[in-house]
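Presented below is the structure to which this report refers.
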Amino acid sequence: MAILDKWTLDFISSSVTQTERLGVRLGELLQVQDLICLSGELGAGKTALARGIGRGWGTSLRVTSPTFTLVNEYPRLHDGRILYHIDCYRLESNLDIATVGLDDILDGFGAVMIEWPERITSLLPEDCLWVQLAYLNETRRSLRFIAKGERAAALLEEFKRSAFGV
């Protein structure tokens, strides 16, 4: 693990299970209106991290990639708050984005994670935790957490303490 500064954390995950466990730690810390952007090529581990985030958030539903539905909703058991999971891979136009209802979701009373956020960067709020995932080999993935904004920086600090004790 390399802590580059208060805004950035690099980590190499050695398994899907480890990637999911990191997601659980992150999901436990999410607050309403937090935005997590999951960036990386196919097979980089975005959905594995998202599964863990969903478990940490407290949903009883299994988190799956919303590639064909575009948006999945995962209610938290203890209060019903929603974790929105948006997949922008198939979005091709502003009309597609409007159909998803992105503005309403981002302004709502849930937390949000977006796969393929680079397709809609101009529409995203400035404050988000960006996670760049990369395939290294069959079992290993690189994760770079980049905080963009004060809330994201605070979330990243909490995550460092929770996941690594630093």
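Readers should treat all values here as calculations from the given coordinates under stated rules, not as data from a laboratory. Bear in mind the structure is a predicted one, so any value in this text is a computation, not a measurement. Methodologically, a virtual Cβ is constructed for each residue, glycine included, from the backbone with ideal geometry; neighbour enumeration extends over all protein chains shown.
Projecting the Cα atoms of Leu129, Thr139, Trp7 onto the charge dipole of the chain (Cβ charges, centred on the Cα centre) puts Thr139 farthest toward the positive pole. Between helix 150-164 and the chain there is an angle of about 40 degrees, using the helix long axis and the longest principal axis of the Cα atoms.
Residue separation of Leu136 and Glu73 scaled by 0.36 nm, minus their Cα-Cα distance, works out to 19.7 nm of gained length. Label separation (Ser15 vs Glu150): 4.1 nm, computed from points 7 Å beyond Cα along the C-beta direction.
The protection proxy used here, the mean number of other Cβ atoms lying within 10 Å of each residue, ranks peptides 12-25, 118-131 as follows, highest first: 12-25, 118-131. Compute the angle between helix 46-57 and the longest alpha-carbon principal axis of the chain, please, reported from 0 to 90 degrees and rounded to the nearest 10. With rounding to tens, the tilt is 90 degrees. Against the main long axis of the alpha-carbon atoms of the chain, helix 16-29 sits at an angle near 70°. Can you tell me the dipole magnitude for segment 2-164 around its Cα centre, using point charges on the Cβ only (Lys, Arg +1; Asp, Glu -1), in Debye to the nearest 20? Rounded to the nearest 20 debye, it is 680 debye.
Its residue count N fixes a reference of 2.2 N^0.38 Å for segment 1-52, and the Cα radius of gyration divided by that reference is 1.17.
Here is the P(r) of segment 4-95: all C-alpha pair distances, binned every 5 Å from 0, give 3, 13, 23, 24, 19, 12, 6, 1 in whole percents.
Other residues with beta-carbon under 10 Å from the beta-carbon of Leu9 carry, at +1 per Lys or Arg and -1 per Asp or Glu, a net charge of 0. Computed on the Cα trace of segment 2-164, the radius of gyration divided by the Kirkwood hydrodynamic radius gives Rg/Rh = 0.93. Stretched out straight at 0.36 nm per residue, the stretch from Glu158 to Gln31 would grow longer than its current Cα-Cα span by 44.5 nm. Using C-alpha pairs under 8 Å with a sequence gap of at least 6, the mean separation divided by the residue count of segment 1-156 gives a relative contact order of 31 percent.
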